[in-house]
Amino acid sequence: MPVFVESAHDARDTRINPAHLTALPRLAAPPPTEGDNYEVVVVGSGPAGILSSVLLARYGLASVLTVDSKPESVHAGQADGLQPRTLEVLQSLDLAHEVLTQGCQMHEVAFWNPTDGDGKGIERTAFVPDVAVAARYPHEVTIHQGRIERILNEDLEKHGNAVQRGWEVTKFQLEEGEGEFPVVVTMQKTGGDEKRVVRCKHLIGADGAHSTVRKGMGLSLEGDTTDHVWGVIDTVCTTTFPDIRKRCAIHSSAGSIMIIPRERISGGAVLTRIYCQMEDSPAADKVASKESRGKVTLERIMEQARRVLAPYTIEFGHVDWWAAYQIGQRVAPKFQMSDSKGVPRVHIAGDACHTHSPKAGQGMNVSMMDAYNLSWKLAHTLLGLAPSSILHTYESERHSIAEQLIAFDRSFSTLFSTPLTTTSHTTSGLTHDEFLRVFRTGGGFTSGCGIEYSGSTLVDTSVRGVVTDGLRESGLLWPGRRVMNVRTKRFADANPRDLQDDMPSTGVYRLLVLLPSAFRATPGDFAGLLTAYSADIPARFPQGAVETVIVFPGERGNLEWTDFPACVRAQGEWTVLGDHYGCVYGTFSVDVAKGAVAVVRPDGYVGVVAGLQEGGDGVVDGWLRGVLVGV
Ligand SMILES: Cc1cc2nc3c(=O)[nH]c(=O)nc-3n(C[C@H](O)[C@H](O)[C@H](O)COP(=O)(O)OP(=O)(O)OC[C@H]3O[C@@H](n4cnc5c(N)ncnc54)[C@H](O)[C@@H]3O)c2cc1C
């Protein structure tokens, strides 16, 4: 039976380190050798691939090979926006600091439309918050993709692994037999003849929109290729336009552009990204679209920006990066391929599964969240902690998100590409208010904070009575939704805490126990329940796989440490928290007179919510038995 071994020095880095894996050689750092066997091979080290590798390394998988056909990671350009949920996830890995301090935080969006009346110029019609839903980080951060990849690459190396660059996967096959490693992967040195054939238990195709792995699964991206061609430029500019340091959506009679304020680059200059919809959108067919895209030049992007911003002026200095692209909203019909026993063995993530326009700032985010969803399930399965059936929830959860992404992107792109014209802005049938409404209602989805996974082995939607059916976007404790951050104060040392920081991404389940107000008057009455949640239930599962976080209402007041049972005192010094700031129960919509218990999955999403008594009487134990092996 695998056991969790906690390092005395750094529990967060090495929480999952099961003994049985030491039987496998630590192969990852050296380049692939013919005939090597791996737990997982990751193809691609873009945002989806590198995050998968980081998580698998952190979860204790010693035998993971990550290959990328390119000699180095992205230097400039491509995706640049991190959404609030992605920031929460990076924070849960202690990787958010550089992003938050060095990136550009976008708190506000400015909307500009054709001047009322003659429509010859543009005027600001609204400032709105960039993030409209409850979030720990109520803003996006812009910083270029290469920097995120660098942060993740450094973390991977810190955890004893590294990307093997210059290896292109050319094909894979599922060869089932007696062996443990049924996926055969063939790769070739980029630009050379050298070949390697290795085997693995699981293959992750995070190899971008033209994914070889997806094609090997016999799948293609399906959906429309719309006929909007866009140009993007990362530049240092000088302008009289007053909102250049804000995210702006600008409709003018000369077309539409989007402005994204960016980070400072070396030398001290500040970047600005400008997305332009090019005026000569091609016809709907692919060939015409490609031809039209080919006509986009740097000078034409600049000229279009000048025309849309007029009468304001803009001068372009250093150009960091520019590109032309056509919007294609597509999604793969499946994200996994199973062996004959029904065990998913090949998984695709990121752009390999879905492509869409960059306007809603989703590229890096949805890709990384695919990896975040998949990696802990894969680790638990490989470590023998969970039945392989949990792997199926990767496709059911993330395919649905991809479909929502495509639907949202389609409506947002169409609105963005539809001209707003003069007086009352209704000539095209599109009003400014309609545009704002779509922007706002999409906020839960685009921020990542409003994502809700539907019912499955990992989300029990039936036990909800204890939570008021409040406003979904306010952060309530709800099966399928991530646990919203709330401020607490730790009982032991009066440290102000963010609840999410007490649930880092270490691959474990957490019982979040919200004690009722009666606990304050008669704590002894709750000793049995607290013992069940802190000791009895966790002891039925592999050591360290289930932790307990306890919240009591109100300030510390007259409560003493001895009011908690001995088992809580033994392990809970860091995880007994007071609702000192009075926001926990209200935010979660939990009746403070009743309390509640929730099981929080390793990725921070609520698996099940129950009343305190029913939770202790079997709901929590029963749910955990469906997703973890017992001891
Ligand atoms: C030119 C360009 C411009 C973009 N502009 C924007 C933008 O302005 N805004 C925005 O939000 N998004 C933009 N994107 C999209 C954004 O970069 C992606 O959504 C994001 O990078 C997806 O991450 P990923 O890890 O899924 O895939 P990718 O970042 O594409 O990473 C895939 C990796 O797999 C590697 N690979 C591919 N095939 C193989 C193989 N057979 N063997 C080994 N390695 C392989 C590649 O070298 C690459 O490193 C742009 C993308 C491109 C290509």
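The values are calculated or read from the model by the stated rules, or taken from the named source; none is laboratory data. Here the structure is a predicted model, which means the values were calculated and not measured. Note: ideal-geometry Cβ built from the backbone for every residue, glycine included; neighbour counts use all protein chains shown.
Quick notes on this structure:
- Screening segment 167-184 for residues that are more than 23 Å from L391 (Cα to Cα) and crowded, with 18+ Cβ neighbours inside 10 Å and picking the one that is farthest from the ligand (Cβ to nearest atom) gives W167.
- All positions within segment 185-240 that are more than 15 Å from the ligand (Cβ to nearest atom) and farther than 22 Å from R330 by Cβ: D193, R199, K201, H202, V236, C237, T238, T239, T240
- Taking every residue in segment 368-380 that is closer than 18 Å to M337 by Cα and pairing it with any residue that is within 13 Å of the ligand (Cβ to nearest atom) and of a type in the set (D, E, K, R), at least 6 positions away or on another chain, the pairs with Cβ-Cβ distances below 8 Å are D370/R398; N373/R398; L374/R398.
- Number of residues in segment 362-418 that are within 16 Å of the ligand (Cβ to nearest atom) and aliphatic (A, V, I, L, M) equals 10.
- Conditions (1) closer than 26 Å to H318 by Cβ; (2) within 16 Å of the ligand (Cβ to nearest atom); (3) touching a Phe, Trp or Tyr at 6+ places or on another chain (Cβ under 9 Å); (4) not polar (S, T, N, Q): number failed by V43: (1)
- Flag for N373 being closer than 30 Å to F541 by Cβ and not hydroxyl-bearing (S, T, Y): yes
- Residue satisfying condition, being more than 8 Å from the ligand (Cβ to nearest atom), touching a helix residue (DSSP H, G or I) at 6+ places or on another chain (Cβ under 7 Å) and over 30 Å from V169 (Cβ atoms), within set I348, I314, I301: I314
- Conditions (1) touching a helix residue (DSSP H, G or I) at 6+ places or on another chain (Cβ under 6 Å); (2) closer than 24 Å to A527 by Cα: number failed by G622: (1)
- For segment 130-141, the criterion of being under 30 Å from V198 (Cα atoms), within 12 Å of the ligand (Cβ to nearest atom), crowded, with 24+ Cβ neighbours inside 10 Å and touching a residue at least 12 places away in the same chain (Cβ under 8 Å) is met by no residue.
- Considering the conditions (1) over 18 Å from V185 (Cβ atoms); (2) part of a loop (DSSP other than H, G, I, E, B); (3) more than 10 Å from the ligand (Cβ to nearest atom), G77 is excluded by exactly one of them, (3).
Yes/no per residue for (1) in a helix (DSSP H, G or I); (2) among the aliphatic types (A, V, I, L, M); (3) under 27 Å from the mean Cα position of the chain (by Cα); (4) crowded, with 24+ Cβ neighbours inside 10 Å:
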site: A570; (1), (2), (3), (4): yes, yes, no, no
site: G586; (1), (2), (3), (4): yes, no, yes, no
site: V592; (1), (2), (3), (4): no, yes, no, no
site: V599; (1), (2), (3), (4): no, yes, yes, yes
site: V608; (1), (2), (3), (4): no, yes, yes, yes
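- L87 being more than 15 Å from the ligand (Cβ to nearest atom), crowded, with 24+ Cβ neighbours inside 10 Å and either free of Cβ contacts under 8 Å to residues at least 40 places away in the same chain or assigned to a loop (DSSP other than H, G, I, E, B) (or both): no
- Only listed residue being under 16 Å from G46 (Cα atoms), β-branched (V, I, T) and at pLDDT 95 or above, chosen from V169, V185: V169
- When L515 is tested against the conditions (1) assigned by TED's automatic domain parsing to the domain that holds P602; (2) over 22 Å from G586 (Cβ atoms); (3) of a type in the set (A, V, I, L, M, F, W, C), the lone failure is (2).
- Evaluation of R345 against (1) under 20 Å from H202 (Cβ atoms); (2) in contact with a Ser or Thr (Cβ under 8 Å, 6 or more places away or on another chain); (3) outside any strand (DSSP E or B) (one fails), failing number: (3)
- Among the residues listed as L156, L152, the single one being closer than 29 Å to G216 by Cα, in contact with a strand residue (DSSP E or B) (Cβ under 8 Å, 6 or more places away or on another chain) and assigned to a helix (DSSP H, G or I): L156
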